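Report on the following structure.
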Amino acid sequence: MSVQHDPVQRADFDQFMVPNYAPAAFVPVRGQGSRVWDQSGRELIDFTGGIAVNALGHCHPALVAALTEQANTLWHISNVFTNEPALRLAHKLVDATFAERVFFCNSGAEANEAAFKLARRVAFDRFGEDKYEIIAATNSFHGRTLFTVSVGGQPKYSDGFGPKIQGISHVPYNDLAALKAAVSAKTCAVVLEPIQGEGGVLPADQAYLEGARQLCDEHNALLIFDEVQTGMGRSGSLFAYQHYGVIPDVLSSAKSLGGGFPIGAMLTTSALAKHLAVGTHGTTYGGNPLACAVAEAVLDVVNTPQVLEGVKTKHQRFKDKLEQLGRQYDLFSEVRGLGLLLGCVLNAGWKGKAKAILDAAAVEGVMVLQASPDVVRFAPSLVVEDADIDEGLARFERALAKLTQA
Ligand SMILES: Cc1ncc(COP(=O)(O)O)c(C=O)c1O
């Protein structure tokens, strides 16, 4: 049954919606795999993956099946009751990771909010009220709630909203000496993205994460990995901590976890989880059956050698071509990242112009992202077809050729 809708257009955004976003000039209406169609019927190749969310592309049959089956079964029941999809998903996440306990919520910010509250509560219960400081990295991004923008290392997101959450300090990323100098008996947690996503697709050094682990152990502080962007296969491992072999105490996941259906999760150990006793934390939709049914299907598909190995092979296909384009058009100083989270760092001549590049790419029929004004970011579907990679990068090349000739 198809419903007849009133016609809408991009201009309606400016008239009816809060202007906190600046969406593209075209309105996507349909997606299949790594292709998207706009209102005019124009087809684009999608290398944005909904900002590292659509891990299996658009309308993957396994996800459509899981969603429709659950839609005909049970939508919402609240946390006054538990439900089968949430229990199955929690079981599978525990089996697949260091974690023994899972808390479900609806977004990355909420997963981090839970992680930060857990860290403070654990420290309070174990060591008293003076151990509450959180150390985070400059340029990090952890979400948009007041706590998560305060922990995030980009003041442009936290300034101008009144007093920030106190007890948070920031140190330069990948600088172990700076972290060592900042950690103290008052530190309850160190929070890091294994690859800084929004900050410019900057991977952590191996020694940095290992050093952070050691410092946390020495100071009875929790190591929190924000894997909202890096998790669920994006790095080529299920979670990036598994790539590095450095095990956190708490991990936040969202984005690709739901493959496009909103869900977040905080993963931790039993010994820590017990500090969030009945009534200490919660959220109405956390563990929603629809969200958990879809996420279970995502996990079943992504956590297979076939998909995870595919991510590594596809990484190389992107990287080889992007490095060649960077040289040919004298644009990039570096192509970095892991798996299917890649960043092309603009060289001095193009610094600050990432937005111009993604606008030009969209005109040629390929959607790409920026990560800061200086980095063009690729976060496509983990199962993007090789033919789509080649065609999308050919369109990207046309955009670069036009832009550099202008
Ligand atoms: C590393 C990281 N943490 C947290 C978030 C916030 O997630 P959400 O927008 O789902 O709240 C993001 C979103 O970009 C992210 O990249």
Calc'd 3J(HN,Hα), segment 280-286, phi into Karplus 6.51 cos²θ - 1.76 cosθ + 1.60 (θ = phi - 60°), Hz, glycine/Pro = x, comes to 7, 7, x, 7, 3, 8, x
Packing-ranked peptide list from 133-141, 229-237, highest mean Cβ count within 10 angstrom first, is 229-237, 133-141
DSSP beta bridges in the chain: the antiparallel percent, rounded to 5, is 65
Excluding ligands, DNA and RNA, the carbon-plus-sulfur percentage of the accessible area of segment 102-261 with a 1.4 Å probe reads 52
Between the alpha carbon centres of segment 1-56 and segment 352-397 the gap in Å comes to 16
Expressed in µm² per second, the diffusion coefficient of segment 74-302 from the Stokes-Einstein equation, with Rh the Kirkwood radius over alpha carbon pairs, at 10 °C and 1.306 mPa s, is 91
Amide H contacts under 5 Å for Q370, restricted to residues at least 5 apart in sequence or on another chain and with H modeled in the peptide plane, are R377
Expressed in square angstrom to the nearest 10, the accessible area of D300 with a 1.4 Å probe stands at 80
Taking N as the number of residues in segment 327-406, the ratio of its alpha carbon radius of gyration to 2.2 N^0.38 Å works out to 1.02
Any residue on another chain or 5+ positions along whose placed amide H is under 5 Å from the amide H of L222 is listed here as A189, V190
Percent antiparallel among DSSP beta bridges confined to segment 74-302, nearest 5, equals 45
Inverse of <1/r> over all distinct C-alpha pairs of segment 139-245, i.e. the Kirkwood Rh in Å, gives 14.3
Computed about the Cα centre, the charge dipole of segment 74-302 from +1 Lys/Arg and -1 Asp/Glu charges at the Cβ has a magnitude in debye, to the nearest 20, of 340
Filtering trypsin sites (Lys or Arg not before Pro) in segment 130-166 by DSSP loop and by at most 16 other Cβ atoms within 10 Å leaves R144, K164
Ranking Q370, F261, L74 by how far each Cα lies towards the positive end of the charge dipole of the chain (+1 on Lys and Arg Cβ, -1 on Asp and Glu Cβ), the top one is Q370
Per residue, accessible area of segment 74-302 with a 1.4 Å probe, heavy atoms of protein chains only, in Å², comes to 39
Taking the alpha-carbon centre of each part, the distance from segment 79-121 to segment 280-295 in Å is 9
Projected convex hull area of the chain, Cα atoms, direction-averaged, in nm², equals 20.8
Note, segment 54-67: 3J(HN,Hα) by Karplus (6.51, -1.76, 1.60, θ = phi - 60°), whole Hz, Gly/Pro = x, goes 6, 4, 10, x, 8, 6, 4, x, 5, 7, 4, 5, 5, 5
Phi angles of segment 19-35, converted by Karplus (6.51 cos²θ - 1.76 cosθ + 1.60, θ = phi - 60°) into ³J(HN,Hα) in whole Hz with x for Gly and Pro, give x, 7, 10, 10, x, 4, 6, 9, 10, x, 10, 8, x, 8, x, 9, 10
Computed on Cα atoms only, the convex hull of segment 251-406 has an orientation-averaged projected area in nm² of 11.8
Amide H neighbours of G236 at under 5 Å, excluding residues fewer than 5 places away on the same chain, with H built from the backbone geometry, are L340
Any chymotrypsin sites (Phe, Trp or Tyr not before Pro) in segment 1-58 that lie in a DSSP loop and have at most 14 other Cβ atoms within 10 Å would be Y21
By the C-alpha gyration tensor axes a ≥ b ≥ c (rounded if a/c is under 1.5, else prolate when a/b exceeds b/c, else oblate), the shape of segment 31-84 is prolate
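The values are calculated or read from the model by the stated rules, or taken from the named source; none is laboratory data. Model, not experiment: these values are computed from the prediction. Positions of Cβ are generated from backbone atoms using ideal geometry, with glycine treated the same way; all protein chains shown enter the neighbour counts. Accessible surface is based on the protein model in full, side chains and every heavy atom, while ligands, DNA and RNA are left aside. Shrake-Rupley method; radii C 1.70, N 1.55, O 1.52, S 1.80 Å.
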